[in-house]
Protein chains: 2
Amino acid sequence: MKSSLDDYLKKAVSQVDAAMDGFLPLKEERPGSIHEAMRYCVFAGGKRLRPILSLAAAEACGGKRKHALPAACAVELMHTYSLVHDDLPSMDNDDLRRGRPTCHKVYGEGMAVLCGDALLTEAFIVLCHAKSRKRYSVGDMVVELSLTGGSRKLIGGQVLDLEGEGKKLSKDDLVRIHEAKTAALLTASLRLGAMSANAKPRQLAALTKFGHALGLAFQIVDDILDVTQTTENLGKTAGKDQIVEKSTYPSVLGLDESRKEAARLTAEAMGALDIFGEEADPLRKIAGWMLEREY
Amino acid sequence: MKSSLDDYLKKAVSQVDAAMDGFLPLKEERPGSIHEAMRYCVFAGGKRLRPILSLAAAEACGGKRKHALPAACAVELMHTYSLVHDDLPSMDNDDLRRGRPTCHKVYGEGMAVLCGDALLTEAFIVLCHAKSRKRYSVGDMVVELSLTGGSRKLIGGQVLDLEGEGKKLSKDDLVRIHEAKTAALLTASLRLGAMSANAKPRQLAALTKFGHALGLAFQIVDDILDVTQTTENLGKTAGKDQIVEKSTYPSVLGLDESRKEAARLTAEAMGALDIFGEEADPLRKIAGWMLEREY
């Protein structure tokens, strides 16, 4: 079971990385500096969670993984841009990401702003390599990605996060931030993969529920790990939330309650997949893997 | 002649502003801070050159102006985002834009990064309000806008610009920067307006030539104005190019040669419109107005 998941993940990552390498401008293309920076950020050894969800969602809906590759790469590019900008000195001011110096530490702050901009724009360039299907046009997919990335979701979540520093937030506030900052893009990753596979509306609806619960559970686990793990284990600065006085699940609900809430949401996520047969087994295993990290 | 152009511009600006007001999230939508910042940057009294070009291009191709409004607002949003990020302390470090304090002076640097990100993402949200036409799908329009905004064009131009500071550039280098930084988005503004009007391929080709020459001429005029005008007249910091030792047409070719080059490109631009009849008269007048500023 464990080893078949490992094989699945390994194969999916290599498919995504090969597709990404083909989509991204070469370092040799002018201006080489920005293309080098983009590739530094994209090929930094991330877990590729979001694109893997896209591929597995396409499979769950009876499609082929390869049809979901443009969508998969697009969501990963959007995720990567958001990390590059969130790490900037004027935002979270982080020096370390995925165990390596952050973009602005290597290329300077101005270039990191431009690199993030370029990765965000590239997400739309790459998404347009998707094929229109009977139920969903490329335009529909662009609507999905742009609304997810916009000021009401991904960017709005980062704004609420920044504005919440040093304040005591309620559980409702936290849920709102996590929905916008984390669950929205995980859900869009699933939905875009499913749209690439011409998913039926009820399949899309089930994946939306799954993504929402999975996203919230995943963020709670992340918050817990920030408290309980070391910088070395995480590949990013541990204990960061406490330093900037950020309200998190553990700080608001305590560790025990946070673990219970993560378990409840995990069950909710798994339940949402009940309409699928064994074609969703990869998705089930991936969810298990995402949520059963040591915490 | 002059007054009919004034009327045309006034009406086009008010159409674009009303559409933009309808597209952008309200300040009342959460998080209000980012939506306030977005509206501060968009409604800052810009000339709306790019969206006006979209509307006039749609008309030149026999379409209605209102069909080009999503494309027009999308290019203006992309232009506005690029100004917000270019003005950041880590880039051009400018305090003044369109006669008002820049975004980061009012809302802080982190918020200005996020505001630019949100405006860029919003450009794609808004563009998806365009209708697919017989010859062009919404997906085709997204390809046009994303390639124009990407690392090979708009962002690449800003990279070359930053990397060129303090260096003596050749005329070819300058042309390459201006093509990427200025001409590409002006051309895309025209093309997206034309695509919204289901333009014939030869109309699209003519507008592409027009946009390229117009864009280069426009940038030369801008460089000349930076030398010859005051900050008060420009609404942005004058003499900025000299301070950061930026190579410009006047510094590379001298003022006289620069004026001659602008005139040559203006003639080239006007010639490209010869395939159109009087339906392109607004476009001709707008080009005259853009290039015959006092310089």
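The values are calculated or read from the model by the stated rules, or taken from the named source; none is laboratory data. Everything numeric in this text was worked out from a predicted model, so none of it was measured. Reconstructed Cβ throughout: ideal geometry from the backbone, glycine too, with neighbour counts over all protein chains shown.
For A:C103, the stated conditions hold: it is touching a helix residue (DSSP H, G or I) at 6+ places or on another chain (Cβ under 6 Å) and under 24 Å from B:L162 (Cα atoms). Assess whether B:M20 counts as being closer than 15 Å to B:V126 by Cβ and within 11 Å of chain A (Cβ to nearest Cβ). Spelling it out, it is not the case that B:M20 is closer than 15 Å to B:V126 by Cβ and within 11 Å of chain A (Cβ to nearest Cβ). From the list A:L119, A:L192, A:L127, A:L204, the lone residue that is closer than 29 Å to B:K27 by Cβ and among the aliphatic types (A, V, I, L, M) is A:L119. For the range A:139-179, the candidate set comprises residues that are in contact with a Pro (Cβ under 6 Å, 6 or more places away or on another chain) and not small (G, A, S); within that set, the residue that is surrounded by the fewest Cβ atoms within 10 Å (Cβ to Cβ) is A:L160. One residue alone among A:T182, A:T187 is β-branched (V, I, T), closer than 25 Å to A:E268 by Cα, more than 9 Å from chain B (Cβ to nearest Cβ) and buried (at least 24 other Cβ atoms within 10 Å of the Cβ), and that residue is A:T187.
Here B:I125, B:I155 are screened, and the one residue that is within 26 Å of B:R48 (Cβ to Cβ) and touching an Asp or Glu at 6+ places or on another chain (Cβ under 8 Å) is B:I155. There is no residue in the range A:108-119 that is in contact with a Leu (Cβ under 9 Å, 6 or more places away or on another chain), surrounded by fewer than 20 Cβ atoms within 10 Å (Cβ to Cβ) and under 18 Å from A:A180 (Cβ atoms).
A count restricted to the range B:170-219 and to residues that are outside any helix (DSSP H, G or I) and at pLDDT 95 or above stands at 4. Here A:R152 fulfils each of the conditions (1) assigned to a loop (DSSP other than H, G, I, E, B); (2) over 23 Å from B:P25 (Cβ atoms); (3) facing chain B (nearest Cβ under 8 Å) apart from (2). Residues in the range A:260-271 that are surrounded by 17 or more Cβ atoms within 10 Å (Cβ to Cβ) and not hydrophobic (A, V, I, L, M, F, W, C) were compared, and the one that is farthest from A:G288 (Cα to Cα) is A:E261. Taken over the range B:104-149, the criterion of being within 8 Å of another protein chain (Cβ to nearest Cβ), over 19 Å from A:L154 (Cβ atoms) and not in a helix (DSSP H, G or I) is satisfied by B:G108, B:S132, B:S137.
Just one residue in the set B:S82, B:S90 is part of a loop (DSSP other than H, G, I, E, B), within 11 Å of chain A (Cβ to nearest Cβ) and not aromatic (F, W, Y); that residue is B:S90.
Yes/no per residue for (1) in contact with a Ser or Thr (Cβ under 7 Å, 6 or more places away or on another chain); (2) touching a residue at least 12 places away in the same chain (Cβ under 8 Å):
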{"position": "A:G62", "(1), (2)": "no, yes"}
{"position": "A:L77", "(1), (2)": "no, yes"}
{"position": "A:Y81", "(1), (2)": "no, yes"}
{"position": "A:K105", "(1), (2)": "no, no"}
{"position": "A:V113", "(1), (2)": "yes, yes"}
{"position": "A:D117", "(1), (2)": "no, yes"}
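Annotation: of all residues in the range B:17-48 being surrounded by fewer than 20 Cβ atoms within 10 Å (Cβ to Cβ) and among the hydrophobic types (A, V, I, L, M, F, W, C), the one that is farthest from A:G157 (Cα to Cα) is B:A18. On inspection, A:T102 fails the criterion of being touching a Cys at 6+ places or on another chain (Cβ under 6 Å) and not aliphatic (A, V, I, L, M).
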